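A.B. asks: Following this message is one structure expressed as structure tokens.
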Amino acid sequence: MRYVSTRGQAPVLSFDDVLLAGLASDGGLYVPQTWPSFSEDDIRDMRALTYQELAVRVMGPFMGAAVTDDELTEVVEQAYAGFSHPAVAPLVQIGAHDWVMELFHGPTLAFKDYALQVVGGLFDLILTRRGSRITVVGATSGDTGSAAIEACRDREAVDVIILLPKGRVSEVQRRQMTTVTSSNVHAIEVEGTFDDCQALVKALFNDPAFRSEVNLAAVNSINWARIMAQTVYYFWAALQLGAPDRSLGFSVPTGNFGNVLAGYCAKRMGLPIDRLVVGSNSNDILTRFLETGTMQSRGVVQTHSPSMDIQVSSNFERLLFEVVDRDSAEVERLMAQFALTGGYTLDSALHQELLGLFRGFRVDNDATLRAIAELYAATGMILDPHSVIGVIAGREAGHRDTGTPMVALATAHPAKFADVVEQATGQRPALPGALSDLLTRPERRAEVANDPEAVKALVRSLSRVPGASA
Ligand SMILES: *Cc1c(COP(=O)(O)O)cnc(C)c1O
């Protein structure tokens, strides 16, 4: 399997190079040259598989010769060994046609573990084979940082440096990063916002000399391997609900468009998905786009679901590439227009075509609190403020009354957002066993100035890539 950039100007790469590259050199995102596809019989044959076996079956075709089935099996076994639920991603029924898939049973209690644990194992495999090292640098508004740290801790060939905005992540989220004692892990606070942290990381990636000096690698969802690993749980849910003989819809609380894009990929691979609902909070650029055909960014507002407080959904570019029939010049034109003016409008026939599959629905803070309380009263289930947006959006924008199942993805454990959940329900969810002493563990805190040169100097000093600390 080979990979091409959505902007058409970067070299065509193999899976292992894409894994380590992150962003393409032309500013685009890598996607598979062709979609692997499964027939109905292939999908029927998946019904008896465990989550881990299914992961190998679904991800294998994306790797080609870069990773053997035996190697992939080993990576997958290790990735999910620490998950706290035997089903890995359990489905819970909450209505006649409504289901919740719990994606918060990994080590950091958010869905990002499901992909990043695999990515960490693949880093190890490829780097050991090549005898090389990478330096992972990422910015986080909360969940990505801890999931990346858990995925990369104690890996000999990887150093991981996460920039977090000081005082702007929850105490649980900060402690999930600062209490890890592994010597290859560095959570560094920045006096500033998440956008400042993100801008610092971008500045590093935009310096080609620095990038190669420390072998800089990415763990946010511009990394194709994350999307690939997320397609697995769409298959997992669909198989349990009757695929390939019955179609279904998914509803996804969305920020950077990575998770819902994985649903689109699963459809392209043959899964009978007939509706994908994009759930937004008040940062509703995608919902407005689906309503109007115009992508128009506005300022970010803080909400009860901070991991969705995003105005530029990077991964949408991968869907755009498909929508314009893989015309990379057209993607380039629209993205340049967006960079220049903060907006673009999709051709109306293409917009209509998108509405054949996608719908958007926006849920503000008050509706989020009400929905958490109502769901708790009706079913006893406590969902976090991100997950509940998926449930509401699925009900409002799904196919009502058709009998087609709708699966809402639950993206975080309620204990990660205990204050909001307590405000809604009066119940304060406890951290699960493995994290129960998190609030008393010793922290290692460090800080860096909000200045690219200071961050580069720090990364050089922490990276073990030969020559970097010279
Ligand atoms: C990251 C995150 C999201 C958004 O996912 P995207 O793939 O960026 O759309 C939603 N909910 C939670 C809890 C998250 O951590």
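A.B. asks: Which residue is least open to solvent (accessible area, probe 1.4 Å), if the candidates are limited to segment 9-52 and must be over 24 Å from the mean Cα position of the chain (by Cα) and within 25 Å of SER313 (Cα to Cα)?
C.D. replies: Restricting to residues being over 24 Å from the mean Cα position of the chain (by Cα) and within 25 Å of SER313 (Cα to Cα), the top hit is PRO11.
A.B. asks: Turning to a different aspect of this structure: State all residues of segment 262-300 that are out of contact with any His (no Cβ under 6 Å at 6 or more places or on another chain), in a strand (DSSP E or B) and in contact (Cβ under 8 Å) with a residue 60 or more places away in the chain; if no residue qualifies, say none. Lay out the reasoning, then the answer.
C.D. replies: The first filter runs over segment 262-300 and keeps only residues out of contact with any His (no Cβ under 6 Å at 6 or more places or on another chain), leaving 262-274, 276-292, 294-300.
From the residues that got through so far, the ones that are in a strand (DSSP E or B) too are 273-274, 276-280, 294-296.
Across segment 262-300, the qualifying residues are ILE273, ASP274, LEU276, VAL277, VAL278, GLY279, SER280.
Listed here are the residues, each with its yes/no results for (1) of a type in the set (D, E, K, R); (2) touching a strand residue (DSSP E or B) at 6+ places or on another chain (Cβ under 8 Å); (3) more than 16 Å from the ligand (Cβ to nearest atom).
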{"site": "SER313", "(1), (2), (3)": "no, no, no"}
{"site": "PHE321", "(1), (2), (3)": "no, yes, yes"}
{"site": "ALA329", "(1), (2), (3)": "no, no, yes"}
{"site": "LEU334", "(1), (2), (3)": "no, yes, yes"}
{"site": "GLN337", "(1), (2), (3)": "no, yes, yes"}
{"site": "GLY342", "(1), (2), (3)": "no, yes, yes"}
{"site": "ASP366", "(1), (2), (3)": "yes, no, yes"}
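A.B. asks: Okay, moving on. Tell me, please, whether a residue that is open to solvent by 20 Å² or more (accessible area, probe 1.4 Å), charged (D, E, K, R) and part of a loop (DSSP other than H, G, I, E, B) can be found in segment 64-82. Talk me through it step by step, then tell me what you get.
C.D. replies: Restricting attention to segment 64-82, the residues satisfying the condition of being open to solvent by 20 Å² or more (accessible area, probe 1.4 Å) are 64-65, 68-71, 73-74, 77-78, 81-82.
Then drop every residue that is not charged (D, E, K, R), which leaves 69-71, 74, 77.
With the extra rule that they be part of a loop (DSSP other than H, G, I, E, B), the set shrinks to none.
No, there is no match, as no residue in segment 64-82 is open to solvent by 20 Å² or more (accessible area, probe 1.4 Å), charged (D, E, K, R) and part of a loop (DSSP other than H, G, I, E, B).
A.B. asks: Looking only at segment 396-418, count every residue that is within 16 Å of ASN281 (Cβ to Cβ) and more than 12 Å from the ligand (Cβ to nearest atom) and tell me the total.
C.D. replies: 2
For (1) modelled with pLDDT under 95; (2) touching a Cys at 6+ places or on another chain (Cβ under 7 Å); (3) acidic (Asp, Glu), each residue gets a yes or a no:
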site	(1), (2), (3)
TRP236	no, no, no
ASP245	no, no, yes
GLY255	yes, no, no
TYR264	no, no, no
GLY279	no, no, no
VAL300	yes, no, no
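A.B. asks: Picking from VAL252, VAL260, VAL232, which residue would you name as being touching a Phe, Trp or Tyr at 6+ places or on another chain (Cβ under 8 Å), within 17 Å of VAL391 (Cβ to Cβ), surrounded by 24 or more Cβ atoms within 10 Å (Cβ to Cβ) and hydrophobic (A, V, I, L, M, F, W, C)?
C.D. replies: Values: VAL252 fails: touching a Phe, Trp or Tyr at 6+ places or on another chain (Cβ under 8 Å); VAL232 fails: within 17 Å of VAL391 (Cβ to Cβ).
From the options VAL252, VAL260, VAL232, the qualifying one is VAL260.
A.B. asks: Here's a follow-up. Kindly list the number of the only condition in (1) without any contact (Cβ under 8 Å) to a residue 24 or more places away in the chain; (2) open to solvent by less than 10 Å² (accessible area, probe 1.4 Å) that fails for ASP401.
C.D. replies: (2)
A.B. asks: Further question on the same structure: Checking ASN206 against (1) open to solvent by 20 Å² or more (accessible area, probe 1.4 Å); (2) under 25 Å from PRO306 (Cα atoms); (3) out of contact with any Leu (no Cβ under 7 Å at 6 or more places or on another chain): exactly one of these is not met. Which one?
C.D. replies: It fails just one condition, (2).
A.B. asks: Determine whether ASP325 is assigned to a strand (DSSP E or B), more than 25 Å from THR140 (Cβ to Cβ) and more than 19 Å from the chain's Cα centre (by Cα). If you could, list the steps in order and put the result at the bottom.
C.D. replies: Numbers: assigned to a strand (DSSP E or B): no; more than 25 Å from THR140 (Cβ to Cβ): yes; more than 19 Å from the chain's Cα centre (by Cα): yes.
It is false that ASP325 is assigned to a strand (DSSP E or B), more than 25 Å from THR140 (Cβ to Cβ) and more than 19 Å from the chain's Cα centre (by Cα).
A.B. asks: Is at least one residue of segment 201-224 closer than 30 Å to ARG359 by Cα and charged (D, E, K, R)?
C.D. replies: no
A.B. asks: Give segment 211-256 a look and list any residue that's farther than 21 Å from SER39 by Cα and away from the ligand (no atom under 13 Å from the Cβ), or say none.
C.D. replies: Correct list: ARG211, SER212, GLU213, VAL214, ASN215, LEU216, ALA217, ALA218, TRP224, ALA225.
A.B. asks: Further question: For residues that are open to solvent by 70 Å² or more (accessible area, probe 1.4 Å) and assigned to a loop (DSSP other than H, G, I, E, B), tally how many sit in segment 442-470.
C.D. replies: 8
A.B. asks: Taking the stated definitions as given, is LEU431 within 24 Å of the chain's Cα centre (by Cα), open to solvent by 10 Å² or more (accessible area, probe 1.4 Å) and in contact (Cβ under 8 Å) with a residue 12 or more places away in the chain?
C.D. replies: yes
A.B. asks: Pull out all pairs, ordered by first then second residue, where Cβ-Cβ is under 6 Å, the residues are six or more apart or on different chains, the first lies in segment 235-255 and is touching a residue at least 12 places away in the same chain (Cβ under 8 Å), and the second is among the charged types (D, E, K, R).
C.D. replies: LEU239/ARG47; PRO244/GLU40; SER247/ASP274; GLY249/ARG275
A.B. asks: Moving to a separate point now. Identify the single condition in (1) under 19 Å from ALA147 (Cβ atoms); (2) in contact with a helix residue (DSSP H, G or I) (Cβ under 9 Å, 6 or more places away or on another chain); (3) away from the ligand (no atom under 16 Å from the Cβ) that THR425 does not satisfy, given that it satisfies every other one.
C.D. replies: (1)
A.B. asks: Moving on to the next point. Taking the conditions exactly as written (under 20 Å from the mean Cα position of the chain (by Cα) and either at pLDDT below 95 or not in a loop (DSSP other than H, G, I, E, B) (or both)), does HIS386 satisfy them or not? I'd like the intermediate steps shown before the answer.
C.D. replies: Working: under 20 Å from the mean Cα position of the chain (by Cα): yes; either at pLDDT below 95 or not in a loop (DSSP other than H, G, I, E, B) (or both): yes.
Yes.
A.B. asks: From the list ARG268, ARG298, ARG362, exactly one residue is in contact with a helix residue (DSSP H, G or I) (Cβ under 9 Å, 6 or more places away or on another chain), surrounded by 18 or more Cβ atoms within 10 Å (Cβ to Cβ) and of a type outside the set (A, V, I, L, M, F, W, C). Which is it? Break it down stepwise before answering.
C.D. replies: Numbers: ARG268 fails: surrounded by 18 or more Cβ atoms within 10 Å (Cβ to Cβ); ARG298 fails: surrounded by 18 or more Cβ atoms within 10 Å (Cβ to Cβ).
Matching residue, one of ARG268, ARG298, ARG362: ARG362.
A.B. asks: Please work out which residue is nearest to ALA148 (Cα to Cα), limiting yourself to segment 91-108 and to residues that are open to solvent by 10 Å² or more (accessible area, probe 1.4 Å) and in a loop (DSSP other than H, G, I, E, B).
C.D. replies: We begin by selecting, within segment 91-108, every residue open to solvent by 10 Å² or more (accessible area, probe 1.4 Å); these are 91-99, 102, 104-105, 107.
From the residues that got through so far, the ones that are in a loop (DSSP other than H, G, I, E, B) too are 94-97, 104-105, 107.
On the way: ILE94: 31, GLY95: 34, ALA96: 37, HIS97: 35, PHE104: 15, HIS105: 15, PRO107: 11 Å.
Within segment 91-108, the match that is nearest to ALA148 (Cα to Cα) is PRO107.
A.B. asks: Please note which helices (runs of 4 or more DSSP H) are completely contained in segment 3-63 and include at least 2 residues that are modelled with pLDDT under 95. Steps first, answer last, please.
C.D. replies: Working: elements: 15-21, 40-44, 51-63.
Hits in segment 3-63: 15-21.
A.B. asks: List every residue pair whose Cβ atoms lie under 7 Å apart, where the two residues are 6 or more positions apart in sequence or sit on different chains, the first residue falls within segment 404-415 and is more than 17 Å from ASP384 (Cβ to Cβ), and the second residue, located anywhere, is open to solvent by 10 Å² or more (accessible area, probe 1.4 Å) and not in a strand (DSSP E or B).
C.D. replies: THR404/HIS97; THR404/SER247; PRO405/HIS97; PRO405/LEU241; MET406/HIS97; MET406/GLY398
A.B. asks: Out of the strands (runs of 3 or more DSSP E) lying entirely within segment 142-261, which hold 1 or more residues that are within 24 Å of TYR3 (Cα to Cα)?
C.D. replies: Numbers: elements: 158-165, 185-190, 248-253.
The qualifying strands (runs of 3 or more DSSP E) are 158-165.
The values are calculated or read from the model by the stated rules, or taken from the named source; none is laboratory data. This one's a predicted model, so the numbers in the text were calculated from it and none came from an experiment. Positions of Cβ are backbone-derived with ideal geometry, glycine not excepted, and every protein chain shown enters the neighbour counts. Quick note on the areas: whole protein, heavy atoms, side chains included, nothing else; ligands and nucleic acids left out. Shrake-Rupley method; radii C 1.70, N 1.55, O 1.52, S 1.80 Å.
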